[in-house]
Amino acid sequence: MRLSGITKRFPGVVANDDVTVELFPGEVHALLGENGAGKSTLIGMLAGVQRPDAGTISVRGEAVAITSPREAIRLGIGTVYQHATLVPNMTVAENLMLGQSWWRPMRRDAMLARLAEISVLLGVQTDPDAVAGTLSLGQQQQIEIMKALWRGERVLVLDEPTSMLTPQGVREFGEVVMRLRDAGLAIVFVTHKLNEVLEFGDRVSILKLGRLVGHIAPERLRAMTPGDATAQIIDMMFGREPKPNDIGLRRATPPDGAVALTVEGLCTAPEARQQGLSDIGFALRVGEVFGIAGVDGNGQKQLAEALAGQLRASAGRVLLGGQDVTVLGVAGRQRLGLRYLTDDRLGEGTVGAYSVGLNLVLKQVGEAPFWRRGLTDEAAIQAHAESMITRYDIRTPSAETPIARLSGGNIQKALFGREMSNGPRVVIYNKPTYGLDLANIRLSRQRIREAADAGVAGLLISTELDELLELCDRIGVMYRGRLVGIVENGPDAGPRIGQLMVAGSA
């Protein structure tokens, strides 16, 4: 398959500019680039959800028009998107059969036979009667791949497929990808993680501002050391090789610093498929970045929501600068300077259909100066939005653009700007760099560091140990809903944190 001279324009933005990419059977073609570089638009052409303004797509040497997802499937192209498309209250079998002719009853014997074929190909076991919403994220990802392969597709597009997987889930996913490659599929692998490119990729293409700026062929990639390949890719993406540590380890906050946030014996009740919290306690000092490490699903999100006021505490206390805020909700805590940067920037952090400007004041709805006597002050919202767009380099056609049309990195810039405005005292950062490209990861980390240097206390929740070691003064580890240890940052912090993460004790 070949994409030749692909160009796609949107109002104010050239998403793809004369891009040519070839896909070969039995290869994993890694597609890299910053947020907003044009990766999603390009794979949208393959999936049939976008059509190029110029250029051609050829399958087996013949030009084709991919006018719809159904046409993409007919041409043998399957797509697995970054965000889940499974219907959570339907079974695996029902999800796999979605999109079939509605007037025909499901032939269970034929479905089970096809499921068995794909399960053998992927090297996994699947219960067709399991409800999709009860499966782990890794298992759901496997079902998404099955859906994409259901009709015998020969090209598989994977859009950020590992973004929500645990390290073990990533390893299992990698084994599946290798099986599919060895079976002769052409695989497009969109990712921001260089280690995954080096581990899974056979060929690399790099986009920047809509243009193809670099390409590494398989024979060249195989001949390079991981270090050389990383330096080459970063140089093509950003024009320079960053220093190994652009930010550096933070110095320990003086132990006699004022306390910004105190958590005492915090507990929450467990809910369906959610970990409860048990006896969480720590103190967060002014100007400190306190990290929370742990394998996903050990109560980190529940801790963030309990501190932000979204989740009710069943026991314990939360004090902000000595003031008990345990009974206050989100708005009350926010007014006192406690802010929460959610890990779910699309589902929880923003309203996709609303404009960038309105999303920037979403937590101040009804409040002055943006609302006066119950009336919206459009001019005030517009002026605020323009100021924030400039200050935080939010790349958007205009303040009126629906925020869902922005890249992930630019949505995250908007969320940072919103939470850092109006003098925060404590900010909870929940996976603030998840799904971002290298440039926006560095920018986000720099903003966290700058906020701490300005006296803002930060609670940084991350599954990236390197990120925690780079930014934090101390790092606590969550295990099965408990804070099982707190480690001072330093040369031996990594192994000690890893031991706590795996075993729940030092």
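Every number in this text was worked out from the coordinates using simple rules, so none of it is lab data. All values derive from a computational prediction rather than experimental measurement. No Cβ is skipped: glycine too gets one built from the backbone with ideal geometry, and neighbour counts run over all protein chains shown.
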Using only alpha carbon pairs under 8 Å that are at least six residues apart, calculate the relative contact order of the stretch 2-238 and give it in whole percent. 30 percent
Starting at the first residue of the stretch 424-433, write each ³J(HN,Hα) from the Karplus equation 6.51 cos²θ - 1.76 cosθ + 1.60 with θ = phi - 60°, in whole Hz, x for Gly and Pro. x, 9, 9, 10, 9, 9, 9, 6, x, 10
Cα centroid separation - the stretch 174-226 against the stretch 462-487, whole Å: 31 Å
In whole Hz and in residue order, list the ³J(HN,Hα) couplings for the stretch 131-144 that follow from phi through the Karplus curve 6.51 cos²θ - 1.76 cosθ + 1.60, θ = phi - 60°; x for Gly and Pro. 6, 4, x, 8, 7, 5, 4, x, 5, 4, 4, 4, 5, 4
Please determine, in degrees from 0 to 90 and to the nearest 10, the orientation of helix 493-503 with respect to the longest principal axis defined by the Cα atoms of the chain, where the helix direction is its Cα long axis. 70 degrees
Which whole-number percent gives the relative contact order of the chain, counting Cα pairs below 8 Å spaced six or more residues apart? 16 percent
Among 170, 49, 81, pick out the residue whose Cα is farthest towards the positive end of the charge dipole of the stretch 2-238, where Lys and Arg carry +1 and Asp and Glu carry -1 on C-beta, about the Cα centre. 49
Between helix 226-238 and the chain, what is the angle of the helix's C-alpha long axis to the longest principal axis, kept within 0 to 90° and rounded to the nearest 10? 80 degrees
For the stretch 349-398 the GluC sites (Glu not before Pro) that pass both the DSSP coil test and the at-most-16 other-Cβ-within-10 Å test are 367
Which semi-axis lengths, in whole Å and largest first, follow from the square roots of five times the eigenvalues of the Cα gyration tensor of the chain? 39, 27, 25
With unit charges on the beta carbons (Lys and Arg positive, Asp and Glu negative) and the dipole taken about the Cα centre of the stretch 2-238, which residue among 232, 112, 98 sits farthest to the positive side? 98
What does the charge dipole of the chain about its Cα centre add up to, to the nearest 20 debye, if the Cβ of each Lys and Arg holds +1 and the Cβ of each Asp and Glu holds -1? 740 debye
With +1 on the Cβ of every Lys and Arg and -1 on the Cβ of every Asp and Glu, and nothing else charged, how large is the dipole of the stretch 2-238 about its Cα centre, in debye rounded to the nearest 20? 600 debye
What 222 nm value per residue comes from the helices of the chain, counting each DSSP H run with n ≥ 4 as -39,500 (n - 2.57) and dividing by all residues, nearest 500 deg cm²/dmol? -10000 deg cm²/dmol
Among all lysine pairs in the chain that are eight or more places apart or on different chains, how many have alpha carbons less than 29 angstrom apart? 29
As I understand it, the dipole of the chain uses +1 on the Cβ of Lys and Arg and -1 on the Cβ of Asp and Glu, about the Cα centre. Which of 371, 223, 468 lies farthest toward its positive end? 371
Distance between Cα centroids, the stretch 377-443 to the stretch 18-85: provide it in whole Å. 29 Å
